[in-house]
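First the structure, in the form of structure tokens, and then the observations on it.
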């Protein structure tokens, strides 16, 4: 702690700190290189200072306390590696009085001083200097607050005029004369994603459809897209900010579904969520919590029901439900049968040779899928027709690939997972672990009106 002694001279280990928050500051000569040059030269001209590291925060406001390089410098101060911190100006350190006082407390406890070389009036080693510093920081904080308020007012005015506030454009729109206008190529994709979620209530399905339509995304980004009110023309209190892409009834139905999913996910994990499908309409079946009474006691019960029947946008007649325990029993039985079947097939002689016609047929189907997608995006066919034709072509492609000799890799995986004592191991898994297990080996489970389950393995 304190300063280091070099020969007969008391040397101060000096740290350089630089910060810039805006491009305007860069242009006005307060850039990081300019600060570094000035601070390095200051150390060179002093015979009582030695360099003790350089700490640079670029593009970060002085009102923010959690700056990576500032915190790293303070850690080194606490470790006794620094005796003096130098900056070009006081506001490079902080523009918030509270944050400045927090930093000053750390410096004082560790016997570290600081100096603003372009503002020598600020001297942290005297009571008068500290009083002047506190006054300045108060003024800087006031200025920063006023600047933020003015910026917010400008943004609010632009929003009310329907003007864009940044160069980043929301997918589905384009910029025309500083206003958002509908992108005719991307808007159909946005509508398809909203329709998909409104019908199936599944983010995974929406992400999958986005990929098929050429829009690669993830579940988190998809959720943000579906919650963005610009798609109904609203932004910052302006109901007519931009032309809407999505009808309000569809948007509201999607928000109800998203809220329901959040509430359900907070309560419990549904093992077969995303896997169970209604055979009548093809929509996902959602898990719900119920209770049943036996012998005067109440027991929790998890049921699955068709989203197409219960969703505000759905019209499926499938109203029957099925319990999670019933599905588990059926899946466990099917797994045993699948392992036995694969074992028998592996014992048979492997087929040799490949049908030369198959690659050509696969390519033809892929071309049809591309033309189908283009027809939908160009408005030539509606979404329902697109999905029906896509499903048919996908089934043809799946059947074509299924006719090839079975590869052994999936069987090996099943043999490793589903051992003779698997049911005992399965009972010890929690709901999340069971969900991950089934999603790793099952593609889909279809339930018809008679509660018959068709389990399709990957």
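Straightening the chain between residue 363 and residue 54 buys 105.3 nm, computed as 0.36 nm per residue apart minus the Cα-Cα spacing. Between residue 106 and residue 329, the simple label model (points 7 Å from Cα in the Cβ direction) yields a spacing of 6.2 nm.
Full extension of the segment from residue 269 to residue 401, taken as 0.36 nm per residue of separation minus the current Cα-Cα distance, would add 44.1 nm. Cβ crowding within 10 Å ranks 292, 217 as 292, 217, fewest other Cβ atoms first. Structural size metrics of segment 173-267, computed from C-alpha coordinates, are Rg and Dmax of 13.6, 48 Å. Averaged over residues, the count of other Cβ atoms within 10 Å places the peptides 429-436, 219-226 in the sequence 219-226, 429-436, highest first.
Give me the number: length gained by fully extending residue 456 to residue 219, i.e. 0.36 nm times residue separation minus the C-alpha to C-alpha distance, one decimal in nm. Each step should come with its number before you reach the end.
On the way: separation 237, 0.36 × 237 = 85.32 nm, distance 2.39 nm.
Contour length minus the Cα-Cα distance gives 82.9 nm.
Suppose each label sits 7 Å from its Cα in the direction of the beta carbon; what would the residue 37-residue 252 distance come out to in nanometres? Going by the 7 Å Cα→Cβ label model, 6.2 nm.
A short reminder: the numbers here are calculations on the coordinates, not readings from a lab. Everything numeric in this text was worked out from a predicted model, so none of it was measured. Don't worry about glycine lacking a Cβ; one is built from the backbone with ideal geometry, like all the others, and counts go over all protein chains shown.
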